[in-house]
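J.: Pasting a structure below so you can have a look.
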Amino acid sequence: MKQVIDCREIRKTYDNGGLKTEVLKGITFSVTEGEFVAIMGPSGSGKSTLMHIIGALDTPTSGEYFLDGKDLSKLSDDELADIRREKIGFVFQAFNLLPRASVLRNVALPLIYEGVAKEKREEIAKAALRESAFPEGFWLYHSNQLSGGMMQRVAIARALVNSPSIVLADEPTGNLDSKTGEMVLRTFQSLNENGGKTIVLITHEPYVAEHADRIIHILDGQIISDSKNRNKRVAKSEAKSV
């Protein structure tokens, strides 16, 4: 299988006025196309820093990172921005939606910045909402009229509008109750199993990680285990939105 993420001895050190803190301490792993991987660890373990590096939002202090075979250390800021726009969709714990804009406009927002014509961007946004299993009857609602689970699925749809091959999700259920979180996690499973997306999900919750095919445990900036998930939760039929 094709490797889409390849991290080799990734280290990240922050220097705060001469006080150096090593957050990542030689992280090595790879993710193949179409995998659903959970990176799990407690707060402060370095997992979010690692996601920022994987997503080309930050650079390692040392080590090598290849995305789709490209060494990102050799790319300019503009080239990294192109990589993020073309290959990666981001979903965060905070939904980051415009509260008084419609669902459709929130999802289409990245396409507005790209200069895509209105008719075309609405067509793409609607396709992304369908892919994220968001009900059509709510497309014209403002995001501040929605439940937490529905807002997160809007955020997922927005991450899909540029047709990324990789979706990175940082604690996507952190603001949700367990029932609503389960619904969102089934959406990620569907994107992986039916849409062929490579999913990397960051979490500190074991029950969240159990939806993935593979779980990487990080502690104190190091990988302590990396194994197939033999207790994967099987996706059930989509529940009604809450």
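Values in this text are rule-based calculations from the coordinates and carry no lab data. Since we're looking at a predicted model, the values are computed, not measured. Note that we place each Cβ from the backbone using ideal geometry, even for glycine, and neighbour counts take in every protein chain shown.
J.: Say each of His204 and Ser178 gets a label point 7 Å from the Cα, pointing the same way as Cα to Cβ; how far apart are those two points in nm?
T.: 1.8 nm
J.: Which length gain, in nm to one decimal place, applies between Thr13 and Ala81 when the Cα-Cα distance is subtracted from 0.36 nm times their residue separation?
T.: 22.2 nm
J.: With the calculation restricted to Cα positions, what are the radius of gyration and Dmax of the stretch 65-106 in angstrom?
T.: 14.5, 41
J.: Counting every Cα pair in the stretch 117-218, what percent are over 17 Å apart?
T.: Of all Cα-Cα distances in the stretch 117-218, 52 percent exceed 17 Å.
J.: Measure off 7 Å from each Cα along the Cα-to-Cβ vector at Glu22 and Thr59, then give the distance between these two points in nanometres to one decimal.
T.: 2.1 nm
J.: Calculate, for Ser30 and Ala94, the FRET efficiency according to 1/(1 + (r/R0)^6) with r their C-beta to C-beta distance and R0 30 Å; round to the nearest 0.05.
T.: Taking R0 as 30 Å, the efficiency between Ser30 and Ala94 is 0.55.
J.: A follow-up question, please. Give, in nm to one decimal, the length gained when the segment between Ser147 and His52 is fully stretched (0.36 nm per residue of separation minus the Cα-Cα distance).
T.: Result: 31.5 nm gained on full extension.
J.: Name the residues whose placed amide hydrogens come within less than 5 Å of the amide hydrogen of Val23, ignoring near sequence neighbours (fewer than 5 apart) on the same chain.
T.: Residues meeting the criterion, in which the H sits 1.01 Å from N, are Lys12, Thr13, Tyr14.
J.: Whole number please: convex hull volume per residue, Cα atoms of the chain, in Å³.
T.: That works out to 134 Å³ per residue.
J.: Considering Cα pairs under 8 angstrom that are at least six residues apart, work out the relative contact order of the stretch 134-242 and quote it in whole percent.
T.: Contact order relative to length: 25 percent.
J.: Here is a follow-up. At most 10 other C-beta atoms within 10 Å and a DSSP loop state: those are the exposed trypsin sites (Lys or Arg not before Pro) I care about. Give me the longest piece of the chain that has none.
T.: 101-229
J.: Compactness ratio of the stretch 1-117: Cα Rg over 2.2 N^0.38 Å, N = residue count?
T.: 1.22
J.: How high is the FRET efficiency between Arg230 and Met1 when r is their beta carbon distance and R₀ equals 22 Å, given to the nearest 0.05?
T.: So, using R0 = 22 Å, E works out to roughly 0.65.
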